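Quick note: the coordinates plus some simple rules give every number you see, no bench work behind them. Computed from a predicted structure; not experimentally measured. Heads up, the Cβs are rebuilt from the backbone with ideal geometry, glycines too, and the neighbour counts pull from every protein chain shown.
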Amino acid sequence: MVQRHEQPTELELLIKIRGIKKFFGDKAVHDGIDLDIYRGEVLTLMGGSGTGKSVLLRSLIGLEHPDQGSIFFGNKDICVLSEQQLIDVRKRIAYVFQYGALFDSLTVKENLAYPLRAHTQLSEEEIHHRVVSTLSKVGLEKSIDLLPSDLSGGMQRRVGVARSIILEPEVILYDEPTTGLDPYNTRQILNIILQLKDHGVTSVLVTHDMHAIFSVTDRVAFLKDGKIRALGTAKEIEHMKDPVLQGFISGESW
């Protein structure tokens, strides 16, 4: 059973977003985004299609480059780092792609071992133990020798999460982690997010899944017209009087 945990009372600022602007042609996707992200919280980016949720998520790891503004992770502005400098950031901030983005020709074990071989000095024995341990966290240790094509969509998504956490990052970014999943795999993903939260991992989610938002998240940032129109705890967002926000939550209007 998924149950939302309480947000820690003492909050440590981990990521500071200031004045982010992003244009695609003449369209301003972000028009001055300010947002603080705290260590150990689950933060959800919510909004309609085209409001820049995934663009903001990708900007947190340098996959998108804002036209203006700063994103500070510790004392480093991600927006001005080179690709080489971003390697260190991406060891600490992991990205879970919507459909797992696994290497089709590699087994589950080899998919998880890949970042360990690229970014650590672990021996092959240590890599094997880390892979088995990480797969056990997502309930898939018995799938270690299978290919992605042997897995269901939900299992592929969980392997994608396992690969993202294998370097033990401080932050995990999830792009629509439960889209298209059956109830069982949805619960599995949500439980993984909460288990990681118990170990101090920060999670940032992009999702349209209202159940996911209100069952695991600590805070919600609602994006509209290039800005954060509403920001608050799940309970605060649920009870805000803003008609645009409530129309989106209810699905009655947008």
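The label-point distance for Phe23 and His199, in a model that sets each label 7 Å from Cα toward Cβ, rounds to 4.4 nm. With the convex hull drawn over the C-alpha atoms of the chain, the volume per residue is 137 Å³. Summing Cβ point charges (Lys, Arg +1; Asp, Glu -1) relative to the Cα centre of the chain gives a dipole of roughly 220 debye. The three principal axes of the Cα atoms in the range 135-203 give end-to-end lengths of 32, 24, 17 Å, sorted in falling order. The spread of Cα positions in the range 168-254, taken along each principal axis and listed from longest to shortest, comes to 39, 27, 22 Å. How would you classify the range 40-187 from its alpha-carbon gyration tensor, with a ≥ b ≥ c the square roots of the eigenvalues: rounded for a/c under 1.5, else prolate if a/b is greater than b/c, otherwise oblate? Verdict is oblate for the range 40-187. In this simple spin-label approximation, Tyr114 and His129 carry label points 7 Å from Cα along the Cα→Cβ vector, and these lie 2.5 nm apart.
Using C-alpha pairs below 8 Å separated by at least 6 residues, the relative contact order for the chain is 27 percent. A helix-only calculation puts the chain at -11000 deg cm²/dmol for mean residue ellipticity at 222 nm, using -39500 (n - 2.57) for each DSSP H run of at least four residues, averaged over all residues. Relative contact order for the range 82-190: what percent, with Cα pairs under 8 Å and sequence separation of 6 or more? Here the relative contact order equals 43 percent. Put a dot 7 Å past the Cα of Val244, heading toward its Cβ, do the same for Gln85, and the two dots end up 3.5 nm apart.
Taking the three principal axes of the alpha carbon atoms in the range 59-126, the coordinate ranges are 43, 28, 16 Å, sorted in descending order.
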